[in-house]
Amino acid sequence: MTEKLYYEDAYLHEFTALVTACEAGKSGYLIELDRTAFFPEGGGQPADTGRIGEAVIRDVHEKDGRIWHHADRTLEVGETVSCAIDFEQRRRRMQNHSGEHVFSGTIHRLYGLNNVGFHMGADCMTVDFDGELSEEQLTAAETLANEAVRENLPIRVFFPEREELAKLSYRSKKELEGAVRLVEIPGVDLCACCAPHVRQTGEIGLIKLLSAERHRGGVRLELLCGLDALEDYRRRQAESGAVSRLLSVPKEKVASAVERQLEVQAGQKERIAALSLALAAKIAEAQPETDGNLVAFDELLDEIALRELTNLLMAKCRVAAVFSPSGDGGWRYIIGSRSVDLRAGARDINAGISGRGGGSPGMIQGRASADADRIRTFFEKYKSLDTSD
Ligand SMILES: [Zn+2]
């Protein structure tokens, strides 16, 4: 049985150990040691990474009481090896995890809700509670949690005797068998947890709530603590700084500036729509009435105005074809007629203009890749047999 050094000292990150087993795994090798500071994943906290001798350790898991280190190379059984865990990563996780205990304990104490789901992701932690919380309640809890950091309270980890345990009221996600490991933050939280934690709440640093959304009848929170929270703050600062420079307003006023921009944009949209329709009418007016077909190419009109132009031209000819650039070097088309069955003619038309598309007898839409000259020539000659005249 491997001695769990991470239980005794969460700060131990360099140690020597004896290789007691080495087996081929799915990818690489599985190493067992007589003692380890590598925390196998548990309590929502991912496994440590690091080095055992020359081997790189990417993952650690515990199965049937045995701890297996996932190594990229084989190691000699009986060999004494020097080991190191990635302590920067571990410390950040401890800051986050201990901060989560403070926050969850505070929510439990204030509002009686339970943490029913906890996950430490690459970007932040998510914590699920079994009831809803208002913005005011969350802000109050966040403030109190950070007060507990300021108090720099000791964090005690212990395995109480069965009788003592029975008298204690502690948070736990499931019924636990065997020795129960409790993490106590006096006046703030008492929780069953197998993960390593910081020694004092002061080490946690900032506890920051990032977001809250409804989740399965309760609420899902995103949290960050410590240096991860600081880096997140920097990213947000850079982002809001960039927006404030783009809008030429102070950082504190970006929201109202964006709101103003959106209002301006909405007004512009309306104006563009009106101008498009007016331009469509002008373009149609300039076209002669004819027994033949009319073709128009346009780069300015919006979707609704292109359709309107087609309708206006249809009244002046047999087949009206309107083309606008599709953005990939080709065209989007709307073709309309009052006398020709375009659904029946779609195959010939698409063949003639290297296009594809379809629609109703009165109007077809699609895309074409022929050049403008070829399209014009095609419609000069195009006569469907299926006409009313
Ligand atoms: Zn925990």
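Brief remarks follow.
- Residue check for Arg367: within 29 Å of Glu270 (Cβ to Cβ), surrounded by fewer than 20 Cβ atoms within 10 Å (Cβ to Cβ), touching a residue at least 40 places away in the same chain (Cβ under 8 Å) and touching a Gly at 6+ places or on another chain (Cβ under 8 Å): yes
- In the set (1) within 13 Å of Ala321 (Cα to Cα); (2) surrounded by 15 or more Cβ atoms within 10 Å (Cβ to Cβ); (3) at pLDDT 95 or above, the condition left unmet by Tyr382 is number (3).
- Test for Ala284: is it in contact with a strand residue (DSSP E or B) (Cβ under 9 Å, 6 or more places away or on another chain) and in the same structural domain as Met363 (by TED's automatic domain parsing): yes
- Within the option set Ala305, Ala274, Ala281, being in contact (Cβ under 8 Å) with a residue 24 or more places away in the chain, out of contact with any Ser or Thr (no Cβ under 6 Å at 6 or more places or on another chain), small (Gly, Ala, Ser) and within 30 Å of Ala368 (Cα to Cα) holds for one residue only, Ala281.
- Answer residue from the stretch 110-138, given it is free of Cβ contacts under 8 Å to residues at least 60 places away in the same chain and away from the ligand (no atom under 16 Å from the Cβ) and is surrounded by the fewest Cβ atoms within 10 Å (Cβ to Cβ) among those: Ala122
- Evaluation of Val219 against (1) within 16 Å of the ligand (Cβ to nearest atom); (2) surrounded by 20 or more Cβ atoms within 10 Å (Cβ to Cβ); (3) at pLDDT 95 or above (one fails), failing number: (1)
- Reported count of residues in the stretch 333-376, each being among the hydroxyl-bearing types (Ser, Thr, Tyr), assigned to a loop (DSSP other than H, G, I, E, B), in contact with a strand residue (DSSP E or B) (Cβ under 8 Å, 6 or more places away or on another chain) and at pLDDT 95 or above, is 2.
So that you can scan it fast, the table gives a plain yes or no per residue for (1) touching a residue at least 40 places away in the same chain (Cβ under 8 Å); (2) charged (D, E, K, R):
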| residue | (1), (2) |
| --- | --- |
| Gly217 | yes, no |
| Arg220 | yes, yes |
| Leu230 | no, no |
| Arg235 | no, yes |
| Val254 | no, no |
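- Filtered residues of the stretch 144-168 (kept if over 37 Å from the mean Cα position of the chain (by Cα) and not acidic (Asp, Glu)): Phe158, Phe159, Pro160, Arg162, Leu165, Ala166, Lys167, Leu168
- All conditions but one from (1) more than 32 Å from the chain's Cα centre (by Cα); (2) surrounded by 15 or more Cβ atoms within 10 Å (Cβ to Cβ); (3) more than 15 Å from the ligand (Cβ to nearest atom) apply to Ala212; the one that does not is (1).
- Residues of the stretch 173-197 satisfying the condition of being near the ligand (Cβ under 8 Å from one of its atoms) and of a type in the set (Val, Ile, Thr): Val183
- Test for Asp328: is it farther than 30 Å from Glu239 by Cα, in contact with a Cys (Cβ under 8 Å, 6 or more places away or on another chain) and surrounded by fewer than 12 Cβ atoms within 10 Å (Cβ to Cβ): no
- Test result for Glu41, within 16 Å of the ligand (Cβ to nearest atom), in contact with a Cys (Cβ under 8 Å, 6 or more places away or on another chain) and acidic (Asp, Glu): no
- The condition of being of a type in the set (Gly, Ala, Ser), within 16 Å of the ligand (Cβ to nearest atom) and crowded, with 16+ Cβ neighbours inside 10 Å holds for Gly226.
The values are calculated or read from the model by the stated rules, or taken from the named source; none is laboratory data. Please read these numbers as outputs of a predicted model, since none were measured by experiment. When we count neighbours, we look across all protein chains shown, and the Cβ atoms used for this are built from the backbone with ideal geometry, even at glycine.
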